[in-house]
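Reviewing the structure listed below.
Bear in mind that the values in this text are calculations on the coordinates, not laboratory data. For clarity, every value in this text was computed on a predicted model and none was experimentally measured. So basically every Cβ, Gly included, is an ideal-geometry build from the backbone, and we count neighbours across all protein chains shown.
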Amino acid sequence: MHMSDLPVPTLIFVAIVVLYLLNSIKILREYERAVIFRLGRALPEPKGPGIILVFRPLDQMVRISLRQEVLEVPPQDVITRDNVTLKVNAVVTLYVVNPIHVAIKVVNYIYQTSQFAQTTLRSVLGEVELDELLSHRDKLNLRIQSIIDQRTEPFGVKVVSVEVKQVDLPEQMLRAIAQQAEAEREKRAKIIHAEGEFNAAQKLVDAASLMATQPMTLQLRYLQALSDIGVEKNTTIVFPLPLEMMTIFNKMSGLKVEIPKEP
């Protein structure tokens, strides 16, 4: 029996059935899942990936992507604990872990996560001082990520990370921070210079103590100084003075001169 032998109504019916089945075939990518609502009730497990059948109008399909998404939190006005006004924005990385909950429990999980991130960013950064915000940003990122993740977990979204992207300081505060950094560097430079002077003085004291035990070393250093001066092309005139004469001068300076009294 050939298809041409069938009556026209049957052929029309078969064509409609074939088109209906072809239209019911859906192809889901590896990162996609389909939540099927059959007569208004969600099936217990999502479908996909691959080929699935969606029998409309009994079934309705909602595609859910499992890939990570990046959400940029718009700049927020934050007043820190030490009353410094800032503009702070952040980047939130998230992905869906439960497609059923995403399709049932929330209208727009991206928008809702964005609102949670904005309020959490303002509340957490408002509890810390400016120095802590600038120096302990990693700890604050983890704290914000933990709070947002707890709020998004009921509707099947996992927050992977939160990074404070940019902190805009007032111009006056920038000048104050620059002055503070400059003063800190000057302080370090003075301390290093003082330590160098102290070490040099200590070494000179040790060298003087060592030379005092061996007087000949002073004569050798004297000759070395003469050699260094002679190497350079300069107009320095050196008058050698024996060290013995200096010893005599030292002894003479210790003598007491008595002035005879008039009778």
Suppose R0 equals 51 Å. What FRET efficiency, 1/(1 + (r/R0)^6) with r the Cβ-Cβ distance, do Glu171 and Ala225 give to the nearest 0.05?
0.35
Mean projected area, convex hull of alpha-carbon positions in the stretch 3-65, reported to one decimal in nm², is 5.2 nm²
Lysine pairs in the stretch 69-169 with alpha-carbon atoms under 25 Å apart, 8 or more places apart or on different chains: how many are there?
5
Can you give the net charge of the other residues whose Cβ lies under 14 Å from the Cβ of Arg137, counting K and R as +1 and D and E as -1?
-2
Rg to Rh for the stretch 72-126: what is it, with Cα atoms only and Rh by Kirkwood?
1.11
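Can you give the Rg to Rh ratio for the stretch 1-157, taking only C-alpha atoms and Rh from Kirkwood?
1.28
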Across the alpha-carbon set of the stretch 69-169, Rg over Rh with Rh taken as the Kirkwood radius works out to 1.01
Through the Karplus equation 6.51 cos²θ - 1.76 cosθ + 1.60, θ set to phi - 60°, convert the phi angles of the stretch 149-166 into ³J(HN,Hα) values in whole Hz; use x for Gly and Pro.
5, 5, 7, 8, 4, x, 10, x, 10, 9, 8, 7, 7, 9, 10, 5, 7, 8
HN-Hα couplings for the stretch 92-101 via Karplus (6.51, -1.76, 1.60; θ = phi - 60°), in whole Hz with x for Gly/Pro, come out as 10, 10, 8, 7, 8, 10, 9, x, 4, 5
